[in-house]
Amino acid sequence: ALPGHLLRGLLPLLTIFHLERAEDAARRAGLSTQPIWRKLWDDVMKTRPPNSESITCWRKKFLETFFSNVLHGVLDVSSDWRLHDSHFSPLLHSSPHVSQLTLCNMLQGAVELTAEHNHKVLENLAGSLRVLKFQHLLSCDQSIRCSLALLLHRLIHHGSVSQVSMCSWPVPDRVLLVLILTMSAGFWRSGNALAYHGSPCGLCREEDKAQSQESAQEGAERDCNAEQEGSGGENQKRSPKEADACMTSVLSGPRSPPLQSPACEETSSEVPCGHTSIQGGSSPHSSSEHLSCHPVPRKTRRRQKPAVGRKRRCLRQSRGHYADPEDLYDFVFTVAREDNSGLLDKTRTTEGETTENWTSSSPGSPCTGHAACKKRGGPAGLLSLKAAHRFRSVSTLELFSIPLTGETCRTLSNLLSSWVSLENLVLSYNGLNANISCILSGLRALSRHPECRFRVLRVSDMFSHMPCMELVCCILSALPQLHMLSVSFDLKNQLEGSRPEASPSCSQAEIPESRLEVLEIRFPREPLHTAFLLPVLKASKSLQQLSFDSATLPCPQEFGLLLEVLKECTSNLKKLSFHDVNLAEHQKEVLLLLQDPGLQEITFSFCRLFESSTAEFLSEIINTVKRNSSLKSLKLPGNRLGNQRLVALADIFSEDSSSSLCQLDVSSNCIKPDGLLEFTKKLEGHIQQRGGQLPFTHLRLFQNWLDQDAETAQEALRRLKAVCSVVNDAWDSSQAFADYISVM
């Protein structure tokens, strides 16, 4: 309980161990430790973190990054006296602050975290970690995959991880990729893979025990009821002691020996040490028993109906037999729903291993939507996830720059078909092409599930295999419950002749009324097909944000029709954005949009607004915005405003204006310091005329030519910052010389 002035002087002299312990005392004394943690960052990390302006807690930021750097061996704690303390365990004491963790390369971090001496660290992460990322992964051996499985089981199935992201994996190891996907979806197979430090997962064991007791109690109650019904009047004559004995047997349940399972370790290079507990009714001489290291007591129990998205015990073998049951690491899974999802045709491969193939396209079954998904069979070693159990699963899955083959897409599709906890899916640069139909098949099956929570889909890729608007129609007809849809492509197909014809199922499918709130479309320089767009808009009455990028607009008549539909059918639309869309010949439509009383934010980014316009068009824009009291944000980056047009825009805030505009973006507009100073002076004059009242609060000035006269630019910025918040950067305008010539 030191006085505040002494504590203030003491805090910078503490190691991070004692600084952590002094947090509460500093808070009670009204002192902030944020400056100290920020200085620690600068001294130790020696880098500027991205988006540093948005960091609200430097303590958390430092400790989270510190944990990652120590885990991956890129930070030596002896390099700074503040990090070195005999009482301080770097991973243990920083782990409660880690909400996001990235594992890279050979997954050394996973091996370290699952080591026995880091057991408490893993327990802390299970409570704090929300986002788990994988980056630049490489192929690894079975022992590392075993460590990864243990990590995922603890952090996802029994932890708090809600988002799994994978990125930058040019040549993915399919076994490793499918392992991460299946465990993220909550699937995992019982057996020695879940052994942890020589014994089964403690949490699974507790759940197994609780469910066994529950099953035994239900079975005993059922036996008692059957006995009472069968004996009829004899039960009515049962003595009180007999009744008490029956109840006691119900409550106590049968006693069963504890399950045993050795740690997951290889006994040879080919056959791992593995076994699973034997379900009641299974032969004790099944092939799984031949691979076990220790005998496993049989536990007879009633088969529980699987509950999707719920934690399941992992030490109970599912029904059915496998011819060659190895660890999951040696299998590639094709995913099946538990029961009513279709008929399975089991075929024996030449290697003598069993594969399971779908022969029905009922809801929830794997994709059968196109030829690639109708292939029968597959590589040896495929195992249905009917042999796995269901645990807790994540709600967000992101795959960036990971090529997905047709086989992997089918596996993912099958996982998606019952992934009821999934809310967000991001597929970016995966080379899907026609395989997007396979993914949609799984999502369509998921949407029919009564507990489906899927709301956000983002798809982006280099090439599009069909017109963007046609794909949007396909997605919305299959997933009307979506709240947010983003479709983005860079280029058309390399070979125009290879583009498939329009799919009748997409072009003719009726789009049901959707819940869509946000729609973003980035076109590969292709026409904006209003024939597809208009039905989408008519079905999306809840739409609030709409964005078009790199589209070629139709003729003015069709564009006018589009605006009419927007006004009539999307009364809730608040934000409208056009990026890299040539609007030079659509001045009338631009003015109509600026008049819309429902829109609060309009963006015309790099739209060539003033490429062939006259001064009258700019005056019409200013007068239209002055009369619109609902518009809050106007973004005009990349439209070659120049000094003269910028100064004219200041009239939006004149004394006779009813505008409520508070944000203006004029980035990348060839603005020079003298023009910005003149704009500032004119703005100050309008403020005086309005008695100091101005709604304008934010001005964005990125990538303008303010470096050409630093003194004038500094004066303009200083005066502007007294009026509003200004965001700009130090940009080398010499890079834009060609653009400057075109404006002169």
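Scanning the stretch 46-65 for residues that are part of a loop (DSSP other than H, G, I, E, B) and within 20 Å of HIS93 (Cα to Cα) returns a single hit, CYS57. For the stretch 546-573, filtering for residues that are in a loop (DSSP other than H, G, I, E, B) and either open to solvent by less than 40 Å² (accessible area, probe 1.4 Å) or more than 24 Å from ASP490 (Cα to Cα) (or both) leaves 8.
Within the set SER464, SER477, the sole residue that is at pLDDT 90 or above and polar (S, T, N, Q) turns out to be SER477.
The residue that is modelled with the lowest pLDDT, among those in the stretch 671-710 that are open to solvent by less than 10 Å² (accessible area, probe 1.4 Å) and in contact with a Lys or Arg (Cβ under 7 Å, 6 or more places away or on another chain), is TRP705. Restricting attention to the stretch 595-616 and to residues that are out of contact with any Lys or Arg (no Cβ under 9 Å at 6 or more places or on another chain) and touching a residue at least 12 places away in the same chain (Cβ under 8 Å), the residue that is nearest to LEU543 (Cα to Cα) turns out to be PRO597.
The conditions of being more than 25 Å from VAL518 (Cβ to Cβ), under 40 Å from the mean Cα position of the chain (by Cα) and aromatic (Phe, Trp, Tyr) are not met by PHE679. Filtering PHE606, PHE653, PHE610, PHE617 for residues that are open to solvent by 60 Å² or more (accessible area, probe 1.4 Å) and aromatic (Phe, Trp, Tyr) leaves a single hit, PHE606. Within the option set ASN424, ASN435, ASN430, being among the polar types (S, T, N, Q), open to solvent by 20 Å² or more (accessible area, probe 1.4 Å) and touching a strand residue (DSSP E or B) at 6+ places or on another chain (Cβ under 8 Å) holds for one residue only, ASN424.
Listed here are the residues, each with its yes/no results for (1) open to solvent by 10 Å² or more (accessible area, probe 1.4 Å); (2) at pLDDT 65 or above; (3) part of a helix (DSSP H, G or I); (4) touching a Cys at 6+ places or on another chain (Cβ under 9 Å).
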residue: MET469; (1), (2), (3), (4): no, yes, yes, no
residue: CYS473; (1), (2), (3), (4): no, yes, yes, yes
residue: SER488; (1), (2), (3), (4): yes, yes, no, yes
residue: CYS506; (1), (2), (3), (4): yes, no, yes, yes
residue: PRO512; (1), (2), (3), (4): yes, yes, no, no
residue: LEU516; (1), (2), (3), (4): no, yes, no, no
residue: PRO524; (1), (2), (3), (4): no, yes, no, yes
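The listed residues are SER733, SER742, and the only one of them that is touching a helix residue (DSSP H, G or I) at 6+ places or on another chain (Cβ under 7 Å) and either at pLDDT below 90 or surrounded by 15 or more Cβ atoms within 10 Å (Cβ to Cβ) (or both) turns out to be SER733. For the stretch 574-592, the set of residues classified as open to solvent by less than 10 Å² (accessible area, probe 1.4 Å) and either without any contact (Cβ under 8 Å) to a residue 12 or more places away in the chain or in contact with a strand residue (DSSP E or B) (Cβ under 8 Å, 6 or more places away or on another chain) (or both) consists of LEU576, PHE578, VAL581, LEU583, VAL590, listed by residue number.
If you go through the stretch 360-417 and keep only what is polar (S, T, N, Q) and modelled with pLDDT of 65 or more, you end up with SER393, SER395, THR396, SER401, THR405, THR408, THR411, SER413, ASN414, SER417. For PHE67, state whether it is over 33 Å from the mean Cα position of the chain (by Cα) and closer than 30 Å to LEU152 by Cβ. No.
Taken over the stretch 456-479, the criterion of being free of Cβ contacts under 8 Å to residues at least 60 places away in the same chain, closer than 16 Å to VAL426 by Cβ and not aliphatic (A, V, I, L, M) is satisfied by ARG458, ASP461. Scanning the stretch 418-467 for residues that are of a type in the set (A, V, I, L, M) and assigned to a helix (DSSP H, G or I) returns ALA434, ILE436, ILE439, LEU440, LEU443, ALA445, LEU446.
Conditions tested, residue by residue: (1) at pLDDT 75 or above; (2) over 33 Å from the mean Cα position of the chain (by Cα); (3) part of a helix (DSSP H, G or I).
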residue	(1), (2), (3)
LEU7	no, yes, yes
LEU10	no, yes, yes
LEU19	yes, yes, yes
ALA26	yes, yes, yes
SER32	yes, yes, no
LYS39	yes, no, yes
VAL44	yes, no, yes
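Based on this model, can you work out whether SER667 counts as hydroxyl-bearing (Ser, Thr, Tyr), in contact (Cβ under 8 Å) with a residue 12 or more places away in the chain, open to solvent by 30 Å² or more (accessible area, probe 1.4 Å) and not assigned by the TED database to the domain that holds GLU53? Here the answer is no, as SER667 does not meet what is asked.
As a summary of the residue check, GLY691 satisfies the conditions (1) of a type outside the set (A, V, I, L, M); (2) without any contact (Cβ under 8 Å) to a residue 12 or more places away in the chain; (3) more than 25 Å from LEU563 (Cβ to Cβ); (4) assigned to a helix (DSSP H, G or I) except for the one numbered (4).
The values are calculated or read from the model by the stated rules, or taken from the named source; none is laboratory data. Computed from a predicted model, the values in this text were never measured in an experiment. For neighbour counting, all protein chains shown are included, and Cβ atoms are generated from backbone atoms with ideal geometry for every residue, glycine included. Remember, those area values only see protein heavy atoms, side chains included, never the ligands or the DNA or RNA. Shrake-Rupley method; radii C 1.70, N 1.55, O 1.52, S 1.80 Å.
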